[in-house]
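One structure below.
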Amino acid sequence: MRSISLSRFLIEEQRDKNQIPADLRLLIEVVARACKAIAIAIGKGGIAGVLGSAGSDNVQGEVQKKLDVISNEYLLEANEWGGHLAAMASEEMELPHAIPNRYPKGEYLLLFDPLDGSSNIDVNISVGTIFSVLRCPEGSSGDEAAFLQPGTRQVCAGYAVYGPTTLLVLALGDGVNVFTLNRELGSFVLTQENLRIPEETREFAINASNIRHWEAPVRRYVDELLAGTTGPRGEDFNMRWVASMVADVHRILSRGGIFMYPLDAKTVDQGGKLRLMYEANPMAYIVEQAGGAATTGRARILDIQPTHLHQRVPVIMGSKSEVLRVTRYHTESAA
């Protein structure tokens, strides 16, 4: 593979394929630079005193890690002044972040989970950043209502994985490409084109500690997998669970499988566990672009009309055949 930087890849997408406009290209580059800064902060860890709790809660009522706050600030500061955005929204903030009046405003909206899986930081397990880009409706100032668009309206989605290597996974509407951070040069380089989820799989990811809370369709599906060669599937399956959505979904994108954070008795009152706008929509967009599927068990995630900025939903995504099987079990259970 030719050595192609993220900047060159985006320029060629804009110039040769007419795939993206210039403002979107520049916006993606700014987000990528913020992800590099986050990767550096994570890499320093205890040396820089960035581990542990920040002593505050986010809008979700969850205890913030220091790196949650730092990552959120990096993304806000990097994207305020470029002139590409009308507003931003973060999982860590209750309301959208308006672009300061001293800066020009653009036509896009940026949503992000600045540090997905941050509970893993203190034990040195992979975490990530998830982001999504929407067009701001004409005439809107970028208030909350402007963000309430179904996932099908996304013009771009991506995530960074901060692990043994730092990866940037990007979907622009015509497939999924993977870039690896060259730490010596400080640039992302294209390392995998047109990533596709393997259709055949023998892996699944779910938090098995919640088994007593699962609905019948999910229990049926997992029981079949655990039955192995003696069960109805006739094959042994492996379970993997990192508790970082970015890490778990990236493994499934790479090796095939299914990721599930389904509706259960613990989350039914709030509609699910994961956030539609910051986690489910961008990841569903990427998974579908890679040939997979993403549902709540009852409906396609990207078709959901959001009702509020921090809405939660169940998430089942990965290899298409497995996702459709779980979805069918939900349909049969409701019949």
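Okay, here's what the table says:
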| item | result |
| --- | --- |
| Hits in the range 274-310 - residues which are closer than 16 Å to Gly257 by Cα, part of a loop (DSSP other than H, G, I, E, B) and among the hydrophobic types (A, V, I, L, M, F, W, C) | Ala290 |
| Subset of the range 277-317 that is in contact (Cβ under 8 Å) with a residue 60 or more places away in the chain and out of contact with any Leu (no Cβ under 8 Å at 6 or more places or on another chain) - its residue that is surrounded by the fewest Cβ atoms within 10 Å (Cβ to Cβ) | Asp303 |
| Val169 vs. criteria of a type in the set (Val, Ile, Thr), surrounded by fewer than 24 Cβ atoms within 10 Å (Cβ to Cβ) and either in the same structural domain as Trp241 (by TED's automatic domain parsing) or modelled with pLDDT of 95 or more (or both) | no |
| Residue list for the range 212-238, restricted to those being farther than 21 Å from Arg328 by Cβ and under 28 Å from the mean Cα position of the chain (by Cα) | Arg212, His213, Asn238 |
| Positions within the range 318-334 being in a helix (DSSP H, G or I) and either of a type outside the set (D, E, K, R) or touching a helix residue (DSSP H, G or I) at 6+ places or on another chain (Cβ under 8 Å) (or both), in sequence order | Ser321, Val323, Leu324, Arg325, Val326, Thr327, Tyr329, His330, Thr331, Glu332, Ser333, Ala334 |
| Test for Ser254: is it more than 30 Å from Asp269 (Cβ to Cβ), hydroxyl-bearing (Ser, Thr, Tyr), under 18 Å from the mean Cα position of the chain (by Cα) and not assigned by TED's automatic domain parsing to the domain that holds Gly43 | yes |
| Selection within the range 261-288 - of a type in the set (A, V, I, L, M) and over 16 Å from the mean Cα position of the chain (by Cα) | Leu263, Ala265, Val268 |
| Qualifying residue in the range 124-136 (condition: in the same structural domain as Ser71 (by TED's automatic domain parsing), closer than 19 Å to Lys44 by Cβ, in contact (Cβ under 8 Å) with a residue 60 or more places away in the chain and among the small types (Gly, Ala, Ser)) | yes |
| Within the range 99-154, tally of residues that are hydroxyl-bearing (Ser, Thr, Tyr) and within 16 Å of Gly82 (Cα to Cα) | 2 |
| Enumerated strands (runs of 3 or more DSSP E) restricted to the range 1-99, each holding at least 3 residues that are at pLDDT 90 or above and surrounded by 14 or more Cβ atoms within 10 Å (Cβ to Cβ) | 85-90 |
| One residue from Ile258, Ile206 being touching a helix residue (DSSP H, G or I) at 6+ places or on another chain (Cβ under 6 Å) and touching a residue at least 24 places away in the same chain (Cβ under 8 Å) | Ile258 |
| Residues (among the hydroxyl-bearing types (Ser, Thr, Tyr) and in contact (Cβ under 8 Å) with a residue 40 or more places away in the chain) located in the range 143-178 | Thr152, Tyr159, Tyr162, Thr166 |
| Filter pass, Ala89 being more than 21 Å from Ile286 (Cα to Cα), touching a strand residue (DSSP E or B) at 6+ places or on another chain (Cβ under 7 Å) and of a type in the set (Gly, Ala, Ser) | no |
| Sole residue being within 21 Å of Lys266 (Cβ to Cβ) and surrounded by fewer than 16 Cβ atoms within 10 Å (Cβ to Cβ), chosen from Ala227, Ala208 | Ala208 |
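So that you can scan it fast, the table gives a plain yes or no per residue for (1) hydrophobic (A, V, I, L, M, F, W, C); (2) at positive phi; (3) outside the structural domain of Gly297 (by TED's automatic domain parsing); (4) not in a loop (DSSP other than H, G, I, E, B):
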| site | (1), (2), (3), (4) |
| --- | --- |
| Val222 | yes, no, no, yes |
| Gly234 | no, yes, no, no |
| Ala243 | yes, yes, no, no |
| Lys266 | no, no, no, no |
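The values are calculated or read from the model by the stated rules, or taken from the named source; none is laboratory data. All figures in this text were calculated on a predicted structure; none of them were measured in a lab. Positions of Cβ are generated from backbone atoms using ideal geometry, with glycine treated the same way; all protein chains shown enter the neighbour counts.
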